[in-house]
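Worksheet for the structure shown next.
The values are calculated or read from the model by the stated rules, or taken from the named source; none is laboratory data. Just so you know, these numbers come straight off a predicted model, no measurement behind them. FYI the Cβ positions are ideal-geometry reconstructions off the backbone, even for glycines, and counts take in every protein chain you see. Surface areas here come from the heavy atoms of the whole protein model, side chains and all, with no ligands, DNA or RNA. Shrake-Rupley method; radii C 1.70, N 1.55, O 1.52, S 1.80 Å.
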Amino acid sequence: MRYPFLDLKAVNAPYEHELREAALRVVDSGRYISGEECAALEEAMRRLTGASHAVGTGNGLDALTLILRGYIELGRLRPGDGVMVPANTYIATILAVTAAGLRPVPIEADPLTFNIDGEAITPRDIEQSRAMMVTHLYGRNAWTPALRDVALRHGMIVVEDAAQSIGAASATEGVTGGRMTGHVGHAAAFSFYPTKNVGALGDAGMVTTDDGDLAAAVRALANYGSDRRYHNIYAGVNSRLDPLQAALVAVKLRHIDAITTRRRENARLYDRLIDTPLLTIPDRPELDAEHVWHQYVVDAGEHRDALRAYLAEQGVGTDIHYPTPPLRQPCYDSLDCRKDFPVTDRLAASVLSLPVSEATPVADISEICRIINRFTPER
Ligand SMILES: *Cc1c(COP(=O)(O)O)cnc(C)c1O
């Protein structure tokens, strides 16, 4: 591919020296589980989000699952309770709910923002649910006045899936009073999977929350359920943050402003240069701060697959996030909940993600746009 969808080596190249230095520091430290490097990344995430606690985990899915398990251990959720989830999300959001023994109550997507549609929540959804999962899909803040209203009016626990939205702000005040994704809900999960805006060189995740009891429960659950040495209060798991990954992620996190700025530039350029009636560019929030462009996703309608094949032929890498709605995956064949969500189903068939990472130069974006504008579906 002349224009790869995402070149992780190029993404990390600007930080090569800092990354090598950080890795060597861990090699030389003799401390290979938990410790200072993990504490430093947790501190950096508290600073970024404004949350009072941050707890490293092995990955983003575990961060989500351990939040829900933590609420169950604290008696704030009971096994089998309903949790509202976006029908249109990466499957991890919903896997966390089912893994924790809770029941997904899916909510339709907003056709403009692709995020959970607060206006689509019915009285029956509310009656069935004690919590809501809010995924900031593609890096766009999903927290809205409608969701805030439902959460506050019905005393719901709000859990954010902030895996794609690191550094994105919210125009709507959180249940915490916070204004950053990762600090608008009662607890949030981040992922440092290598393709995320701030990616590790392996797996890593983080929970942020203002709730000290939940933070302590998650920290114990992630470490065999142990609150102190050889004392297990929960039947936990092993999902600790790896100090090597923590050291590497801390390097990347120092450059988050540069990363986000370059992604916003690329998105703005696509908006300006894409000029064809065959696709719709993504909706934009009023505030630039609300979007960190983890993905730049166009709606190509019925032409999606033809456009994707044409772009591949022309050397432009693309991806589809996501081709199958999570509730239509075979693993949920026997899950008893509503599965027909027309907006979500339509999006799965028509969305296409274009290269938007900070490793894609603006000159390449211009060329990609020229290629897109020459597309004719008859070819
Ligand atoms: C990446 C991602 C996750 C899971 O993170 P991992 O670190 O890969 O476990 C969860 N939710 C969303 C929306 C994601 O994009």
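Going residue by residue through the stretch 96-111, is there one that turns out to be over 30 Å from PRO145 (Cα atoms) and within 16 Å of the ligand (Cβ to nearest atom)?
no
For the stretch 175-205, the candidate set comprises residues that are part of a strand (DSSP E or B) and near the ligand (Cβ under 10 Å from one of its atoms); within that set, the residue that is nearest to ALA289 (Cα to Cα) is PHE190. Exactly one residue out of LEU6, LEU95, LEU77 is at pLDDT 95 or above and either surrounded by 24 or more Cβ atoms within 10 Å (Cβ to Cβ) or part of a helix (DSSP H, G or I) (or both), and it is LEU95.
Among the listed residues ALA246, ALA220, ALA250, identify the single one that is hydrophobic (A, V, I, L, M, F, W, C), open to solvent by less than 30 Å² (accessible area, probe 1.4 Å), away from the ligand (no atom under 16 Å from the Cβ) and in contact with a Leu (Cβ under 6 Å, 6 or more places away or on another chain).
Within the list ALA246, ALA220, ALA250, the selection yields ALA250.
So that you can scan it fast, the table gives a plain yes or no per residue for (1) polar (S, T, N, Q); (2) surrounded by 14 or more Cβ atoms within 10 Å (Cβ to Cβ); (3) not in a helix (DSSP H, G or I):
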residue	(1), (2), (3)
GLU302	no, no, no
ALA309	no, no, no
HIS321	no, yes, yes
THR324	yes, no, yes
ASP345	no, yes, no
SER353	yes, yes, yes
GLU358	no, yes, yes
GLU378	no, no, yes
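Within the option set GLU36, GLU108, being open to solvent by 10 Å² or more (accessible area, probe 1.4 Å), more than 23 Å from ALA142 (Cα to Cα) and among the acidic types (Asp, Glu) holds for one residue only, GLU36.
Please work out which one of (1) open to solvent by 50 Å² or more (accessible area, probe 1.4 Å); (2) among the aliphatic types (A, V, I, L, M); (3) in contact with a Leu (Cβ under 9 Å, 6 or more places away or on another chain) is the condition VAL297 fails and give its number. Only one criterion in (1) open to solvent by 50 Å² or more (accessible area, probe 1.4 Å); (2) among the aliphatic types (A, V, I, L, M); (3) in contact with a Leu (Cβ under 9 Å, 6 or more places away or on another chain) is unmet by VAL297, namely (1).
Please go through the stretch 121-169 and give me each residue that is open to solvent by less than 10 Å² (accessible area, probe 1.4 Å) and in contact with a Gly (Cβ under 7 Å, 6 or more places away or on another chain), ordered by number. Within the stretch 121-169, VAL134, TRP143, LEU147, VAL158, VAL159, GLU160, ALA162, SER165, ALA168 qualify.
Is one or more of the residues making up the stretch 116-129 under 23 Å from SER191 (Cβ atoms), at pLDDT 95 or above and not in a strand (DSSP E or B)? No; the residues of the stretch 116-129 include none that is under 23 Å from SER191 (Cβ atoms), at pLDDT 95 or above and not in a strand (DSSP E or B). Inspection of the stretch 141-164 identifies no residue that is in contact with a Pro (Cβ under 6 Å, 6 or more places away or on another chain) and more than 16 Å from the ligand (Cβ to nearest atom).
One residue is enough: does the stretch 254-271 have a residue meeting the conditions over 19 Å from THR360 (Cβ atoms) and open to solvent by 40 Å² or more (accessible area, probe 1.4 Å)?
yes
Residue-by-condition table, conditions (1) among the charged types (D, E, K, R); (2) touching a helix residue (DSSP H, G or I) at 6+ places or on another chain (Cβ under 6 Å); (3) under 16 Å from SER357 (Cβ atoms):
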{"residue": "ALA189", "(1), (2), (3)": "no, yes, no"}
{"residue": "GLY199", "(1), (2), (3)": "no, no, yes"}
{"residue": "ALA204", "(1), (2), (3)": "no, yes, no"}
{"residue": "LEU214", "(1), (2), (3)": "no, yes, no"}
{"residue": "LEU221", "(1), (2), (3)": "no, yes, no"}
{"residue": "LEU248", "(1), (2), (3)": "no, yes, no"}
{"residue": "VAL251", "(1), (2), (3)": "no, yes, no"}
{"residue": "LEU269", "(1), (2), (3)": "no, yes, yes"}
{"residue": "PRO277", "(1), (2), (3)": "no, no, no"}
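Restricting THR172, THR181 to those that are touching a helix residue (DSSP H, G or I) at 6+ places or on another chain (Cβ under 9 Å) and within 19 Å of ARG264 (Cβ to Cβ) reduces the list to THR181.
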